[in-house]
Amino acid sequence: MTTRIWNFGAGPAALPLPVLEQVRDELLDWRACGMGVMEMSHRGRAFASIIAQAEASLRALLAIPEDYSVLFLQGGATQQFAQVPMNLLAPGQSADYCLTGSWSKKAFVEAQRLATVRCAGSSEAVGFTRLLKPEELDLDPHAAYLHVCTNETIHGVEMPTATPIAGVPAGLPVVADMSSHLLSRPVDVANFALIYAGAQKNIGPAGLTLVILRNDLLARIEPQRPGLPNLMNYAQMAAHGSLLNTPPSFAIYVAALVFQWLQAEGGLSAIEQNNSAKAALLYHCIDSSQGFYINSISPDCRSRMNVPFTLAKPQLDAAFLAQAEAAGLSGLKGHASFGGMRASIYNAMPLAGVRVLVDFMNQFMRQNA
Ligand SMILES: *Cc1c(COP(=O)(O)O)cnc(C)c1O
């Protein structure tokens, strides 16, 4: 009998149980072909059908327009911090970066090593507790793109994705790191020129990175651009259907099952409702604790996926974590750079799990207030 705990880890994170059960059932023999997906050629017919289904399901879920390509890459979101400027900046071009938390800052610092980029606004002075207001944006009208992180996994700050980003002119290509909330809510893909996401937060196993980009950007990348390795070249990857070399085949297979699970759950609008209900329950617990638990993020941009909070008495942190673990609640320790706690409540975390967490938090407060 397997015992599964409630996993609030930020990533790699919990996967939907029905997906794991299907993976288990198919592990040794995928659809009577006598071997598992981990063992099969990425050039064979079976895997071709798996990656095609992955792309078709993802396109359906996100309603990805025809003029966008989908790439299944490796290297994590961190590799995209480099790959984006290496592909999208021609000599003499510059890009703008919005800094709204640790991840967008990391993306900016990495791009600075490789290209000419500038900061178009930062909320660091206010502790990354809110988004930038349109009037705070200092945009370069000639920028090749504007980079944003639409869900800051560490600071718990989230932007809407179904509407254009406030204050950004229509013609400016927006590149978005959506690693920790892609597929948690509807996205109007047309608002973005390029979307990237590491899989291990809300999509599938670590090792897979999704890139969705508009074909006019692709068309500007020379297949043999000096200084750009083939494996880092979006145009090369697109031309080879993400199979320039061996892809993370097992991770793609699991992600495809996650996409199908999301479709069966009713798609992204349905999952968004569920995610909103989970987040509302947890923030209500924090806000009604009379300062015992604290989340300082501006209420209009609190993340529905990653809920960081601190205890007013940090001397209780260790007891909180130990008792949570004993109650079957795992992964609640906050990021080292932020401290305190963080509950990541991705798609695979059911409302029932958040209820158990909130009951525990209320009980811990009563015992320690
Ligand atoms: C986790 C995360 C990253 C880093 O992902 P890796 O796959 O470890 O490179 C980057 N951006 C965001 C928003 C993240 O949540």
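The values are calculated or read from the model by the stated rules, or taken from the named source; none is laboratory data. This structure is a prediction, so every number in the text was calculated from the model and none was measured. Cβ placement follows ideal geometry from the backbone for every residue including glycine, while neighbour counts extend to all protein chains displayed. Only protein heavy atoms, including side chains, enter the accessible area calculation; ligands, DNA and RNA are left aside. Shrake-Rupley method; radii C 1.70, N 1.55, O 1.52, S 1.80 Å.
Figures for the structure shown
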{"item": "Straight-distance crosslink candidates among lysines, where the alpha carbon sits under 26 Å from residue 333 and sequence neighbours closer than 8 are dropped", "result": "105, 106, 201, 278, 313"}
{"item": "Computed [θ] at 222 nm, helices only, for the chain once each DSSP H run of length n ≥ 4 contributes -39500 (n - 2.57)", "result": "-11000 deg cm²/dmol"}
{"item": "Positive-end extreme of charge dipole, region 198-310 - chosen from 294, 248, 232 (charges on Cβ)", "result": "232"}
{"item": "Long-range amide H partners of residue 174 with built H, under 5 Å", "result": "146, 193, 194"}
{"item": "Dipole of region 68-221 [Lys/Arg +1, Asp/Glu -1 at C-beta], most positive-end residue of 108, 169, 73", "result": "73"}
{"item": "Rounded percent of accessible protein surface that carbon and sulfur make up, the chain, 1.4 Å probe", "result": "55 percent"}
{"item": "Whole-Å distance, taken between Cα centres, linking region 1-76 and region 169-223", "result": "18 Å"}
{"item": "In Hz, Karplus ³J(HN,Hα) per residue of region 11-20 (6.51, -1.76, 1.60; θ = phi - 60°; x = Gly, Pro)", "result": "x, x, 10, 4, 10, x, 4, x, 5, 4"}
{"item": "Cut-off 11 Å between beta-carbons: net charge of the residues surrounding residue 138, Lys and Arg +1, Asp and Glu -1", "result": "-3"}
{"item": "Sequence-distant residues sharing a close amide H with residue 309 (under 5 Å, placed H)", "result": "341, 342, 343"}
{"item": "Dimensionless Rg ratio for the chain, taking C-alpha atoms and the 2.2 N^0.38 Å reference", "result": "1.01"}
{"item": "Surrounding net charge for residue 46, when Lys and Arg each add one and Asp and Glu each subtract one, Cβ distance under 14 Å", "result": "0"}
{"item": "Cα-centred dipole magnitude for the chain, charges only on beta-carbon of K, R (+1) and D, E (-1), debye, nearest 20", "result": "500 debye"}
{"item": "Angstrom value of the Kirkwood radius, inverse mean 1/r, which spans all Cα pairs in region 180-337", "result": "19.1 Å"}
{"item": "Of 186, 127, 324, farthest towards positive along the dipole that unit charges on Lys, Arg, Asp, Glu beta carbons give the chain", "result": "324"}
{"item": "5 angstrom amide H check on residue 30, placed H, neighbours 5+ away", "result": "35, 36, 37"}
{"item": "Rg and Dmax [Cα atoms of region 50-153; Å; Rg one decimal, Dmax integer]", "result": "15.6, 46"}
{"item": "About the Cα centre, charge dipole magnitude for region 227-369 (Lys/Arg +1, Asp/Glu -1 at Cβ), debye", "result": "180 debye"}
{"item": "Average accessible surface area per residue within the chain, 1.4 Å rolling probe, Å²", "result": "42 Å²"}
{"item": "Around residue 173: net Lys/Arg minus Asp/Glu count, Cβ-Cβ under 15 Å", "result": "-4"}
